[in-house]
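Please read the structure below before turning to the comments.
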Amino acid sequence: MSTLMLPHTLNVVDLMSALQREELSGDEIVIDFLPLTFAPPQGMASLACLMDSWLYEGKRLTLKDAPWCKPFEYLQRMNFFQLFNVFTNERFTRHAQKGRFAAMDEVCEGREAKKIATNLANSIIRDPVLEIVKSDLNNCLYESINNILDHAGLKTGRRGFAAAQSYRKGRADRKFVIAIVDSGRGIANALRDNSRLSVPDDRTALDLACQPGVTGAEGIKNEFGDPRNVGQGLYQIDQIAEFTQGSFVLCSGKSRRERTAGQVEISEPFWYWQGTMVVVTLTYSGIRRYIDTLKGAGKIRLA
């Protein structure tokens, strides 16, 4: 039996640090929730992927002291426990998600990618002025979710996870965090299916994946007979993050690519992720500035 003590903040770096520190082994893993005080979408989705992988491998999981951790009801509201069919009795009233958050959903065959993408995009505050960016974001999230379905190589019974949350940022601003995470075969292995590409390592794979047309899936059609994945999703997310002065983090294997406004940095963190992480962070003020720029240039007109 091994114990994973969750960090105070369930961000990816601290979660992976805890994993390395504990060196988990054996047929049973105890996940200690008691230290947890804050759970952003990227951490929730990553932990869910780990749990899903362990269960698939036949390991037994014990969720220790989960009802006594500070964000227990929040994790319930975000469907974290529900997706594992535990702690389903709730003592609160659920409220509408739109403009506030998108509860965690599973990404797997049989789930509607379009519906998941719409829920994620709708986590951005309801404001008619923002609809043009929300529409673009919806489209590229749809393609990114289809990347998992088309390329991740998840075996039957395996799942990716997606969630989003809106946070207050100062007095008059808001921050929106959207995460899509899977524990599939990773971007490099998926791109190597294309014999025209040279993909020597994860660093190269992340750079290629953010170029237009690279991650498309030829021959896979949507319900209208059109290609459901033309390889624009990650590229367009990268563009949105740049134009709105937001950030876009893409992790797979040994490498991590981060777009922050006009800069891109690719690094090799101390941890390895078997699969792919997509984390988008936007702000209300950044989106408004971008739209005001388009209006000033005469590229859009709002009624």
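Given the criterion among the hydrophobic types (A, V, I, L, M, F, W, C), in the same structural domain as I178 (by TED's automatic domain parsing), surrounded by 14 or more Cβ atoms within 10 Å (Cβ to Cβ) and outside any loop (DSSP other than H, G, I, E, B), identify the matching residue among A102, A18. It would help to see each step written out before you state the result.
Values: A18 fails: in the same structural domain as I178 (by TED's automatic domain parsing).
Just one listed residue meets the conditions, A102.
State whether one or more residues within the range 62-69 are under 21 Å from A164 (Cβ atoms), of a type outside the set (A, V, I, L, M) and in a helix (DSSP H, G or I). No, every residue in the range 62-69 fails to be under 21 Å from A164 (Cβ atoms), of a type outside the set (A, V, I, L, M) and in a helix (DSSP H, G or I). Once the range 105-117 is narrowed to residues that are surrounded by 14 or more Cβ atoms within 10 Å (Cβ to Cβ) and of a type outside the set (V, I, T), the residue that is nearest to P40 (Cα to Cα) is D105. Checked against (1) within 19 Å of the chain's Cα centre (by Cα); (2) surrounded by fewer than 22 Cβ atoms within 10 Å (Cβ to Cβ); (3) under 24 Å from I291 (Cβ atoms); (4) at pLDDT 90 or above, D173 meets all criteria but (1). Does L130 satisfy the criteria of being touching a residue at least 60 places away in the same chain (Cβ under 8 Å), farther than 27 Å from F80 by Cβ and either surrounded by fewer than 23 Cβ atoms within 10 Å (Cβ to Cβ) or not acidic (D, E) (or both)? Spelling it out, L130 is indeed touching a residue at least 60 places away in the same chain (Cβ under 8 Å), farther than 27 Å from F80 by Cβ and either surrounded by fewer than 23 Cβ atoms within 10 Å (Cβ to Cβ) or not acidic (D, E) (or both).
Which residues, taken from the range 90-111, are farther than 20 Å from S123 by Cβ and either at pLDDT 95 or above or within 18 Å of the chain's Cα centre (by Cα) (or both)? Those that are farther than 20 Å from S123 by Cβ and either at pLDDT 95 or above or within 18 Å of the chain's Cα centre (by Cα) (or both): C108, E109.
Confirm whether K254 is modelled with pLDDT under 90 and either more than 26 Å from M44 (Cα to Cα) or of a type in the set (D, E, K, R) (or both).
Judged against the criteria, K254 is not a match.
Go through the range 31-77 and give me each residue that's touching a Ser or Thr at 6+ places or on another chain (Cβ under 6 Å) and within 20 Å of R158 (Cβ to Cβ). Once the filter is applied, which keeps residues that are touching a Ser or Thr at 6+ places or on another chain (Cβ under 6 Å) and within 20 Å of R158 (Cβ to Cβ), the range 31-77 yields C49, S53.
The values are calculated or read from the model by the stated rules, or taken from the named source; none is laboratory data. Here the structure is a predicted model, which is why all the values come from computation and not from measurement. A quick note on method: Cβ atoms are made from the backbone with ideal geometry, for glycine too, and the neighbour counts reach across all protein chains shown.
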